[in-house]
1. Looking only at the range 27-57, how many residues end up being among the aliphatic types (A, V, I, L, M), more than 22 Å from the chain's Cα centre (by Cα) and open to solvent by 10 Å² or more (accessible area, probe 1.4 Å)?
2. Hey, His83 hits all of (1) surrounded by 21 or more Cβ atoms within 10 Å (Cβ to Cβ); (2) modelled with pLDDT under 95; (3) not small (Gly, Ala, Ser) but one; which does it fall short on?
3. Evaluate the range 419-437: report whether one residue or more is within 14 Å of the ligand (Cβ to nearest atom) and in contact (Cβ under 8 Å) with a residue 12 or more places away in the chain.
4. Of all residues in the range 104-115, count the ones that are under 27 Å from Gly473 (Cβ atoms) and either open to solvent by 40 Å² or more (accessible area, probe 1.4 Å) or part of a strand (DSSP E or B) (or both).
5. List the number of the failed condition for Arg555; all other conditions in (1) crowded, with 24+ Cβ neighbours inside 10 Å; (2) at pLDDT below 95; (3) of a type in the set (D, E, K, R) hold.
6. When the range 515-554 is examined, which residues are found to be part of a helix (DSSP H, G or I) and more than 15 Å from the ligand (Cβ to nearest atom)?
7. What's the total number of residues in the range 368-380 that are outside any loop (DSSP other than H, G, I, E, B) and within 16 Å of the ligand (Cβ to nearest atom)?
8. Just one of (1) open to solvent by 50 Å² or more (accessible area, probe 1.4 Å); (2) touching a helix residue (DSSP H, G or I) at 6+ places or on another chain (Cβ under 8 Å); (3) within 14 Å of the ligand (Cβ to nearest atom); (4) more than 26 Å from Ser559 (Cα to Cα) trips up Glu322, so point out which.
Amino acid sequence: MAHDAIAVVDFGGQYAHLIATKVRRLHVLAEIRQPEDDIERFRGYKGIILSGSPSLSAFGEDSAYTRDIYDLDIPILGFCFGHQEIAKHYGGTVVHGAQEWGAADLHVVGDSPLFRGLAPVERVFMSHFDSVTSVGPEFAEVGYTSLGAGGPAHRYAAIASESLRRYGFQFHPEVDDTVHGDAMIANFVRDICGCSPSWTMEQYIGEQMERVRRQVGDQSVFLLASGGVDSTVAARLLGEALGANRLHLLHVDNGLMRKDESREVLAAFRAFGLDRNLHFVDASDVFLSALAGVVEPEQKRRIIGQTFVDVFEREARALGIEHHLLGQGTIYPDTIETGGTRRADTIKTHHNRVPIIEEMLRQGRVVEPLAELYKVEVRELGEKMGIPADLIWRHPFPGPGLGVRLLCSSGAEFRDGMEQIEPAVQAIAARHGLEALALPIKSVGVKADLRSYEHPVLLGGPLEWTPLLEAAGQLFKQAPGINRAIWNLGPTFPRRVRPLAAAVTRERLDLLREADHLVMEGLRRHGLYGDIWQCPTVLVPLEVDGMGREFVIVRPIHSERAMTAIPAPLPAALRAELALQILALPGVSGLALDVTSKPPGTIEWE
Ligand code: XMP
């Protein structure tokens with residue numbers, strides 16, 4: 001192996017790629033390995049990290065993997081499921097139970113090199129069902145966790161055997177909620193494995209261009225270019241790898257774009273020299289008629305993805321380039337959220353992962369140069385390739401566009417489980433002096449790496465940001481069936497709300513476009529556009545006033561990789577301005593701010 005490298009064993013979900021990203025940030029090559037890979041594929045690394053798993057339990061039947069790795073004389077570190085496997089392999093015990101989810105305090109015991117440079121107590125993130133209750137003779141506990149002062153301790157949250165060079169963390173250092181997780185991973189990679197920095201983004205660009213040339217051979221690529229960060233960077237990389245004459249770009253107005261979006265995107269592409277073979281089609285009628293009357297979120301996503309392919313094929317035929325490969329700016333989260341890695345649950349079907357595209361992928365007809373990267377890396381790569389900053393730093397916008405921000409409804413209330421939900425919500429809200437209303441609609445979320453489709457709670461009251469988030473956190477932990485909390489910005493707190501029958505229509509989209517435009521303008525006016533990572537505006541068919549007018553939700557978040565997110569506060573002045581402007585739009589009667597972290601809410605509502 002040319003560089004020092006770490007193998008990351010992928011037991012499912014988002015974890016292995018997050019770990020690999022953190023290792024690459026140290027300029028050390030990280031390669032993903034499947035658990036059942038032949039032992040030969042694990043040789044030559046300076047260390048191995050075993051990921052956690054959303055679905056595997058230490059008691060599961062599907063937990064077969066290449067256990068010969070334990071015979072290799074290289075350091076191994078496991079997280080969560082990986083930690084439990086290491087404990088078990090060397091004579092410890094693991095039990096079902098002591099399940100935890102959320103932040104915990106790690107108390108460091110002794111002076112393990114894993115925690116060098118860190119504080120005696122560190123904030124970490126726990127998400128597990130099974131627990132280690134004893135370790136084998138060569139292991140020691142190097143950390144335990146507690147939930148606040150005086151809370152019960154979770155033993156063996158970090159274990160180590162210096163003689164064997166085997167280590168385990170029950171928590172997840174790879175997620176941002178573990179405050180110094182990066183430092184813990186760096187301690188393992190640099191100090192314990194002895195890796196020195198040798199891997200760079202420039203090398204990665206070179207490797208990807210080479211890979212693209214091999215895959216494409218003497219063919220050409222037709223790329224769907226939305227104007228978003230990912231497809232623009234993909235266009236640039238493909239253009240460099242293949243030459244501009246072997247790349248055609250198609251920008252589709254699917255009717256689900258932001259206000260004036262297509263016009264601005266085409267102008268930006270021209271200014272940026274990406275107009276050599278640039279094609280544009282207004283397919284809004286095709287998309288809107290395909291979506292007519294459809295309410296269910298996953299069905300909407302599949303229809304939008306399928307319609308993209310239909311439009312693409314029709315245009316390719318019209319241009320006489322139907323034999324071209326399909327290019328997409330797919331990035332890693334699109335794949336995992338669609339359940340595209342071996343052990344991941346389908347959280348959402350991303351538009352670039354619908355069945356017909358999966359089939360084209362199997363036939364080798366899709367070129368995706370960014371499919372292993374997270375947004376933060378795509379931006380880094382784009383900057384290295386000279387893409388202008390205003391394109392790179394645009395807020396991410398999902399492929400299905402406003403289609404996943406325009407909730408639809410048959411008009412029927414979702415009241416399943418409300419007998420348990422309502423009293424629990426009221427009890428928690430009362431403890432915080434808040435008004436609360438569990439809403440009879442649902443939105444998509446993610447809990448313990450699995451998709452959830454549950455109720456939001458509307459909160460109201462004179463509140464500070466931090467106590468509001470605390471109340472929301474308690475609702476998610478203690479009330480059943482809740483995956484979102486929103487904070488009322490309207491002048492009165494509604495006593496009762498009712499879903500309205502609503503579908504995807506041009507009128508509703510225009511209303512959402514207008515509200516979204518006001519929010520974006522507001523962020524820019526207050527100098528917040530760059531601080532906030534993304535800010536979906538959502539139109540929800542809920543009436544609060546008996547006049548058939550809808551609810552608007554604003555969802556500002558901070559994130560890095562979109563796999564996790566925290567709600568971003570908006571200044572009071574901006575909240576007041578938005579309330580004035582948005583509540584004055586004809587067709588709107590309610591406004592709220594989404595105050596949900598991810599998990600348990602996803603960034604988009606559908
Ligand atoms: P969620 O809602 O899953 O979103 O927390 C994570 C990030 O992905 C974006 N997103 C998509 N991007 N195609 C995309 O290209 C999609 O189908 C899609 N769905 C969600 C979302 O905007 C957020 O940045």
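1. 2
2. Every listed condition holds for His83 apart from (2).
3. Kept after step one, since they are within 14 Å of the ligand (Cβ to nearest atom), are these residues of the range 419-437: none.
The answer is no; no qualifying residue exists.
4. Keep residues of the range 104-115 that are under 27 Å from Gly473 (Cβ atoms), which gives 104-108, 115.
In the following step, the residues that additionally are either open to solvent by 40 Å² or more (accessible area, probe 1.4 Å) or part of a strand (DSSP E or B) (or both) were identified as 104-108.
Residues meeting the conditions: 5.
5. (2)
6. Ala515, His517, Leu518, Glu521, Gly522, Leu523, Arg524, Arg525
7. To start, the set of residues in the range 368-380 that are outside any loop (DSSP other than H, G, I, E, B) comprises 375-380.
Right, trim to within 16 Å of the ligand (Cβ to nearest atom) and you get 375-379.
Matching residues across the range 368-380 total 5.
8. Unmet for Glu322, out of (1) open to solvent by 50 Å² or more (accessible area, probe 1.4 Å); (2) touching a helix residue (DSSP H, G or I) at 6+ places or on another chain (Cβ under 8 Å); (3) within 14 Å of the ligand (Cβ to nearest atom); (4) more than 26 Å from Ser559 (Cα to Cα): (3).
The values are calculated or read from the model by the stated rules, or taken from the named source; none is laboratory data. Only a predicted model underlies this, so the values are computations on that prediction, with no experimental measurement involved. All Cβ positions, glycine included, derive from the backbone under ideal geometry; neighbour counts span all protein chains shown. All accessible areas refer to the heavy atoms of the entire protein, side chains included, with ligands and DNA or RNA removed. Shrake-Rupley method; radii C 1.70, N 1.55, O 1.52, S 1.80 Å.
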